[in-house]
């Protein structure tokens, strides 16, 4: 459940770089391999990933799974298309041996990934190379990642991140996590738990036990803490949870009020949130270092869903002060707010892009819900999706992909992602019904 539905329930309980289509450009023989993702070409780049070389028998248990993770990460972007192993003519038996580029050109591969794995004493080491098949050159230096064998998936994600970065020129987003609300049980009596997983759905675990209603989890800038709204006391209040130690802390609590919709500042030292009392809902900030609270808005209306700009100087939020739900921007310390949404319909759940250039939002118009993006001055609004219910966007750390909740009529909520051109709409795998996603920063 995203902030839009959360707020409705609360009220019931009370009474890109350049903004242009993403798409890969085909490699040209006269230049280096590169996907220019500001161009409007949509044909994915064909790539091959050679089976990773097992340096020892223990590594044989991992090589196949590692190549699958890397290939699936890249293919999931819609920018790349894997050429399956059955079509391979060439073989890579050593990372130090010359690549027979003609064999890979023959199957129309434009990029080739090759790697090696070794396992010893509970540790795994992965090395890889990326080759431009068209020009017959290696792209960048070879890299190695080493760690506990249990971290093999993270290392595979890191290799995919590096390949993505070298070809697109932008940061990858595969070594990241998603925190969300996992929903089970009948619609009229749902159990909701805060859950966390890798961005591809693996390594699922639960952070709450389902005994209390929970909403809207949000990551800290380091990815080590989350904020969420809980009804464990019978009314909404904000919980700060350290996901490493599982230590909980109630923050922003004030007698006779309800607090919800929290979000961290870019430095992680401040939380901005909504506080409801006496029929009005205003925005407040809380300094986590000294406990100082500050009121940011003061109007006879609802102000909620705040989100900081990446530089921490401004906040975008949702308010009905104009008579309908619209988007506003104000200084982070409070002050005069400027309305930025002027299209038809109602706007909510704004989230500032990590790149600082765009704001994602939920829009409701003529009985349909949309995920959209606009520039920070409100110009160049673009709707990326449309359905019975799409809401609650969250950005990948590179600012190129948005995840959100989708619910079809009569169905359960699920997580979906889409790139900022509106292409590559795909369902994110989860074990249960799911809502309220929040994307972590890239992991260290």
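What follows is calculated from the coordinates using simple rules that are stated; it is not laboratory data. Quick caveat, the model's predicted, so the values are computed rather than measured. Virtual Cβ from ideal backbone geometry, glycine too; neighbours counted across all protein chains shown.
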Can you give me the pair-distance distribution of segment 300-417, C-alpha pairs, 5 Å bins, whole percents?
-> 2, 12, 23, 25, 19, 12, 5, 1, 0
Out of all DSSP beta bridges with both ends in segment 45-168, state the antiparallel percent to the nearest 5.
-> 70 percent
Diffusion constant of the chain at 20 °C, which comes from Stokes-Einstein with the Kirkwood Cα-pair radius and 1.002 mPa s, µm²/s = 93 µm²/s
Residue-span extension gain [residue 89 to residue 280] - 0.36 nm each, minus C-alpha spacing = 62.0 nm
For residue 105 and residue 233, extending 7 Å from Cα along the Cα-Cβ vector and measuring point to point gives, in nm, a value of 7.0 nm
Residue-averaged 222 nm ellipticity for the chain, from DSSP H runs of 4+ at -39500 (n - 2.57), nearest 500 = -3500 deg cm²/dmol
Note down the relative contact order for segment 45-168 as a percent, whole number, built from C-alpha pairs under 8 angstrom at least six residues apart.
-> 28 percent
Segment 129-226 - Debye-derived log10 I(q)/I(0), Cα point model, q = 0.19, 0.20, 0.22, 0.24 Å⁻¹ | -0.98, -1.04, -1.15, -1.25
Taking the convex hull of Cα positions in segment 45-168, its mean projected area over all directions (nm²) = 6.9 nm²
